[in-house]
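The values are calculated or read from the model by the stated rules, or taken from the named source; none is laboratory data. Since the model is a prediction, treat every value here as computed from it, not as a measurement. Neighbour counts are summed over all protein chains in view; Cβ atoms, including those assigned to glycine, are modelled from backbone coordinates with ideal geometry.
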2 protein chains.
Amino acid sequence: MQGVLFIPELRQLLAARDHETVREVFADLHPSDGAELISGLAPHEILDILAIIGNRSSIEIFEQLDLAVQKVCLEEADPKAILPFIEEMSSDDRVDLIKEVEPEIADRLMPLLAQAERDDIRRLLAYEEGTAGAIMTTEYASVDKDITATEALNRLRMQAPNKETVYYVYVVDHDRRLKGFVTLKDVLLTPPSQKIEQIMEEDVISVSIDENVEEVADKISHYDFLAIPVIDNDRRLVGIVTVDDILDVVEEEATEDIYHLAAAGKPLDYLNTGIFKIAKERILWLFILVLTGFVAGAVMQRFQSQLTAVIALVFFIPVLSGTGGNAGTQTTTVIIRGLATGELEMKDIFRILFKEIRVALLVGLAMGVLTAVRAILTSPDPRLVVPLSLTVGLAMVGCVILAIAAGAILPILFKKIGLDPALMSGPFISSLMDVFTLLLYLGLAAAIIPV
Amino acid sequence: MQGVLFIPELRQLLAARDHETVREVFADLHPSDGAELISGLAPHEILDILAIIGNRSSIEIFEQLDLAVQKVCLEEADPKAILPFIEEMSSDDRVDLIKEVEPEIADRLMPLLAQAERDDIRRLLAYEEGTAGAIMTTEYASVDKDITATEALNRLRMQAPNKETVYYVYVVDHDRRLKGFVTLKDVLLTPPSQKIEQIMEEDVISVSIDENVEEVADKISHYDFLAIPVIDNDRRLVGIVTVDDILDVVEEEATEDIYHLAAAGKPLDYLNTGIFKIAKERILWLFILVLTGFVAGAVMQRFQSQLTAVIALVFFIPVLSGTGGNAGTQTTTVIIRGLATGELEMKDIFRILFKEIRVALLVGLAMGVLTAVRAILTSPDPRLVVPLSLTVGLAMVGCVILAIAAGAILPILFKKIGLDPALMSGPFISSLMDVFTLLLYLGLAAAIIPV
């Protein structure tokens, strides 16, 4: 990446019509880097540069552009000029792009494509978001089981230029039913006259077309695959999902989990989303959380006489509800992440809960003692020292234990009844704990401190 | 996975010495599934089963076992019996295991290994955790630049059984300096007599041995590679990192980010970690957060006269500090995750901040109106309706704007001065906001509500 140009230099080259240098610059760059470089330009400039580069390289660069950039280029360009890019894109990326653009643009483009490609796009469009069908590519390498290793190698040589990967080769019968699987390594290592049938693995691990992408990712990761075949209800091979797409899925899933845990709504394309939409995602959750805040207020109102008589009680509310919320957030995060990565399983429920109860006792005691000491040191009235520090200390122990228990039990319960455990977010646990902490604290105050 | 046995059946087979059936069961299973199945057994049972399965299959199953299970097996087993597994493991997994076991065990094992393998382990052991060197494997395929495509294919056939991947082939000179790179697909597609030199890509994208694993993951993901070469300071090829290891890295990094954001400490092996260690990770953060809670209490104490005169002020503290905390958590999460995935970059700072300020105004107004209405409806004293709802509403608008600003600015500031932005966790922002919310709220109350 040394000596790479920046946007202004690139614009100068365009203005000077120095096509030779433009071509040289991009010849030295990996398509991914070329795509990153031109992403900062206006759509018409991107199209100019791709036209200058020409041939296979420009197609590879176009494929590596972000979906949002591809979209604006497609909307800007003459459909005929952009056709080669669309024709040559891998089938999964192409469908993602078609989904993204305005329907008019897609309608103008589709008639220009060959019948086979139109059918391919229509079929892929039909699969639901978040399923194997929606992220698979139809460009897989396949061979007949009756041919020899040498013949297979020759077929693969012919197929290679148009396939997403030739390293995994699927064996199908005349109905395209998946019968087996060989790696290119197996084909290379086998004696030339050996039949594919004899070297293929018959128990092929596959995913079904409507399987969730998370499960697809788990399988690819569990088996260390480079790709996994996708089959329809009749066990017919319809596509493959490759590991590079799964890397993106894993990252997106993690982002979703993180947003859930922070009650931040759905992940949006931040820089390209309007403020009303961003605000809406956040307000929705804040609104629910405000309501629990009102409940917490109502709890205080019930204990108004205690609070008025001993105003010092009020001073400990932030530390109690804060610590309860934080301890709950920690626990729910550990449990939810463990369930998401498979480190924790539902069969471990009782082990987890027993462990959390003991952790809660330790953490609760540590925090309780700390807070009681603070109460002793700051008590405004000598007669209040003992009852106030007792109330505050016990409330802290209780609310930490409650918070940790809620943080551990609620996500497991949610999972048990079929809801997404990640809905049990940190902010939600915190808000819930506000109510319970106040009930416990002020209830204890009413019992311990005579008014 | 149909017809797979469970632990009790497996134990029965062991007790009945029905070795034939054991071998049949595992012959039908992918090594990853075989490994998962036996993970529930005691170490000596695992070793028995592996001995029964024997040959190459048992080695593949051992390699797929979790590190923790490999470790207990290694500690239980006769070093000589386990030697074949250690010898045949891929070099990165082997070093991970050696790092994990007690030094005595490693010392007993090392002399049994061949000199070359001992050297390989010692070299890999020296690389720091979290660097390319620590996760790379030394089993890569390489060829000379002077040979032809046919000769290369023959070399690869010879190398294949011992290499982690033969699909990416690295071209090195006599000093093992990295000169180029070809894919097996390129080799297959090229005329047999063509020299490797003529088809190889000379601008090889590589990582250096001490590069952070996150950067390695970013590069593999950016270029959609199956593997990336690792070079030392003299550009000598020392290993490769494969995409399957990167999948694990991406998942681990996401877990770390999630834990950071929840102030839950470092991720631990939950089920196998004692409660004191778990509690310690959490208490450390809670302790810091408790201190900010005490500051919030001190703020209240300063405004004691307002609180005593108008106790209704107290009832809105949970909803104000809760909403401030939640809005701050949402924002900091969106910003930190954006920075971590590369969706947001430091060059976008001002765009991000400008956007967040407008989002903050929208969210603040919505929440402020809601809370003011609540204050109007529940005000205990008709004379207080206007000043109380005004105070509460303004405080809500202000604290949401403050929280969103803090949630956006602090992580960016942390990144700017070279700290991990993820330290700016949700709980930390929430605790910080408690203090500022109270200052703002009670300050407004002192100004608006005459005591």
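Mind listing just one residue for me: the one in region A:309-318 that is assigned to a helix (DSSP H, G or I) and either without any contact (Cβ under 8 Å) to a residue 24 or more places away in the chain or not β-branched (Val, Ile, Thr) (or both) and, of those, nearest to B:THR292 (Cα to Cα)?
So the residue we want is A:PRO318.
Tell me the residue from A:ASP78, A:ASP28 that is within 13 Å of chain B (Cβ to nearest Cβ), surrounded by fewer than 20 Cβ atoms within 10 Å (Cβ to Cβ) and among the charged types (D, E, K, R), please. Lay out the reasoning, then the answer.
Values: A:ASP78 fails: within 13 Å of chain B (Cβ to nearest Cβ).
Every option except A:ASP28 fails the conditions.
Scan (1) at the interface with chain B (Cβ under 9 Å from one of its Cβ atoms); (2) buried (at least 20 other Cβ atoms within 10 Å of the Cβ); (3) within 20 Å of A:GLU164 (Cβ to Cβ); (4) in contact with a helix residue (DSSP H, G or I) (Cβ under 6 Å, 6 or more places away or on another chain) for the single condition A:LEU261 breaks and write down its number.
All conditions pass for A:LEU261, except number (3).
Looking at region B:233-255, which of its residues are of a type in the set (A, V, I, L, M, F, W, C), more than 22 Å from the chain's Cα centre (by Cα) and surrounded by fewer than 23 Cβ atoms within 10 Å (Cβ to Cβ)?
B:VAL238
If you take the residues of region A:333-350 that are more than 8 Å from chain B (Cβ to nearest Cβ) and buried (at least 21 other Cβ atoms within 10 Å of the Cβ), which of them is nearest to A:CYS399 (Cα to Cα)?
So, considering only residues that are more than 8 Å from chain B (Cβ to nearest Cβ) and buried (at least 21 other Cβ atoms within 10 Å of the Cβ), the one nearest to A:CYS399 (Cα to Cα) is A:ILE335.
If you go through region A:155-168, how many residues are modelled with pLDDT of 85 or more and over 29 Å from the mean Cα position of the chain (by Cα)?
Number satisfying all stated conditions: 5.
Could you look through region B:193-230, keep only residues that are part of a loop (DSSP other than H, G, I, E, B) and away from chain A (no Cβ under 11 Å), and pick out the one that is surrounded by the most Cβ atoms within 10 Å (Cβ to Cβ)?
Checked region B:193-230; the qualifying residue surrounded by the most Cβ atoms within 10 Å (Cβ to Cβ) is B:MET200.
Could you look through region B:351-376, keep only residues that are more than 10 Å from chain A (Cβ to nearest Cβ), more than 19 Å from A:LYS280 (Cβ to Cβ) and surrounded by fewer than 20 Cβ atoms within 10 Å (Cβ to Cβ), and pick out the one that is nearest to the chain's Cα centre (by Cα)? Please lay out each step first, then the result.
Looking only at region B:351-376, we keep the residues that are more than 10 Å from chain A (Cβ to nearest Cβ), and these are B:353, B:368-369, B:372-373, B:376.
The next check asks that each one be more than 19 Å from A:LYS280 (Cβ to Cβ); those that pass are B:353, B:372-373, B:376.
Now narrow it down to the ones that are surrounded by fewer than 20 Cβ atoms within 10 Å (Cβ to Cβ): B:353, B:373, B:376.
Numbers: B:LEU353: 28, B:VAL373: 44, B:ILE376: 48 Å.
Selected residue: B:LEU353.
Residue under question is A:GLY274, and the condition is that it be small (Gly, Ala, Ser), touching a residue at least 12 places away in the same chain (Cβ under 8 Å), over 23 Å from B:THR308 (Cβ atoms) and more than 7 Å from chain B (Cβ to nearest Cβ); does it hold?
When the stated conditions are applied, A:GLY274 does not pass them.
So, B:ASP92, is that one among the acidic types (Asp, Glu) and surrounded by 20 or more Cβ atoms within 10 Å (Cβ to Cβ) or not? Explain how you work it out, then say what you get.
Numbers: among the acidic types (Asp, Glu): yes; surrounded by 20 or more Cβ atoms within 10 Å (Cβ to Cβ): yes.
The answer is yes for B:ASP92.
In region A:432-451, which residues are closer than 16 Å to A:VAL310 by Cα and part of a helix (DSSP H, G or I)?
From region A:432-451, those closer than 16 Å to A:VAL310 by Cα are A:438, A:441-451; that's our starting set.
Selection gives A:LEU438, A:TYR441, A:LEU442, A:GLY443, A:LEU444, A:ALA445, A:ALA446, A:ALA447, A:ILE448.
Given the conditions (1) part of a strand (DSSP E or B); (2) aliphatic (A, V, I, L, M); (3) within 14 Å of another protein chain (Cβ to nearest Cβ), and given that B:LEU237 satisfies all but one, which numbered condition is not satisfied?
Every listed condition holds for B:LEU237 apart from (3).
Could you go through region B:289-308 and let me know if any residue there is more than 7 Å from every other protein chain (Cβ to nearest Cβ) and part of a loop (DSSP other than H, G, I, E, B). Walk me through how you get there before you give the answer.
Restricting attention to region B:289-308, the residues satisfying the condition of being more than 7 Å from every other protein chain (Cβ to nearest Cβ) are B:291-292, B:295, B:298-299, B:302-303, B:305-306.
Subset that is part of a loop (DSSP other than H, G, I, E, B): B:303.
Taking every residue of region B:289-308 in turn, at least one turns out to be more than 7 Å from every other protein chain (Cβ to nearest Cβ) and part of a loop (DSSP other than H, G, I, E, B).
Restricting to region A:332-350, what's the tally of residues that are modelled with pLDDT of 85 or more and either under 15 Å from B:GLY265 (Cβ atoms) or assigned to a loop (DSSP other than H, G, I, E, B) (or both)?
Residues flagged as modelled with pLDDT of 85 or more and either under 15 Å from B:GLY265 (Cβ atoms) or assigned to a loop (DSSP other than H, G, I, E, B) (or both) within region A:332-350 amount to 7.
Counting only residues that are assigned to a helix (DSSP H, G or I) and hydroxyl-bearing (Ser, Thr, Tyr), how many does region B:416-431 have?
Number satisfying all stated conditions: 2.
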